[in-house]
1. Hey, can you tell me all the residues within the stretch 65-81 that are open to solvent by 20 Å² or more (accessible area, probe 1.4 Å), part of a strand (DSSP E or B) and farther than 15 Å from GLU95 by Cα?
2. For the stretch 101-119, which positions are part of a loop (DSSP other than H, G, I, E, B) and under 14 Å from the mean Cα position of the chain (by Cα)?
3. Taking into account only those residues within the stretch 122-142 that are part of a loop (DSSP other than H, G, I, E, B) and open to solvent by less than 30 Å² (accessible area, probe 1.4 Å), which is nearest to ALA77 (Cα to Cα)?
4. In the list ASP102, ASP122, which residue meets the criterion of being modelled with pLDDT of 95 or more and not hydrophobic (A, V, I, L, M, F, W, C)?
5. Among the residues that make up the stretch 95-115, is at least one of them surrounded by fewer than 16 Cβ atoms within 10 Å (Cβ to Cβ) and under 18 Å from ALA46 (Cβ atoms)?
6. Give me a count of the residues in the stretch 41-57 that are at pLDDT 75 or above and open to solvent by 70 Å² or more (accessible area, probe 1.4 Å).
Amino acid sequence: MRSRVLGGILWLFVVPACAPRALRIHLPEGSYVSTTLVRERAARPAENITREVLGRTGHLGYQLVHVRSREERHFHARQDLVVVLLSGSGVLWMEGERLRMDPGDVAVVPAGKEHFFVNTGDEPASAFVVSAPPLEAPDVVPVRPRP
C-alpha cells in the first residue's frame, strides 16, 4: 500500500514536470517568441533557409532561423553563436564532429569554427540563434569542399 501511495505522489509531481509545454523566449522589448509563432513562421517560407532578425542589444543579436534541408559548410569570422533548436531535428556538424540536435538542445559555435546543419525531419527545423557581437553585415564565409 505504501509503495502505491508513493507511486501516486511521484506521478503527481514528476509526470507534469516532464510533459512538454509551450516554449516562450522573452525578448528585451517586452515581447516573446512562442512555439506556436515558430511553427507558423517555419511553414510560410518556400526557401531552403530563412532568417528573421528579431532584435539586438549593444552586445548581441538574435534571430529565428528555419532550415528545410541543409546549410552549406561555412564559418563566421566575427560572431560567436548560441543555437537553441526549437522545433524539428537534425545534425549540427562542427569541425567534423556530429552533434545530434532535438528540440531544446543548445550548441555553442565559436567564431571561426566550420559548421553546418542538416535537417533530418520532414518539417523545417527552427532555431533561436544568438550572435555576439550582433550581426552587422553578412558574416558567412563558405568553406569549399576538400579535394
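1. ARG70
2. ASP102, PRO103, GLY104, ASP105
3. ASP139
4. Only one candidate qualifies: ASP102.
5. No, that holds for no residue.
6. 5
The values are calculated or read from the model by the stated rules, or taken from the named source; none is laboratory data. It should be emphasised that the depicted structure is a prediction, and the values quoted were computed from it without experimental measurement. Virtual Cβ from ideal backbone geometry, glycine too; neighbours counted across all protein chains shown. The area values use the complete protein model at the heavy-atom level, side chains included, leaving out ligands, DNA and RNA. Shrake-Rupley method; radii C 1.70, N 1.55, O 1.52, S 1.80 Å.
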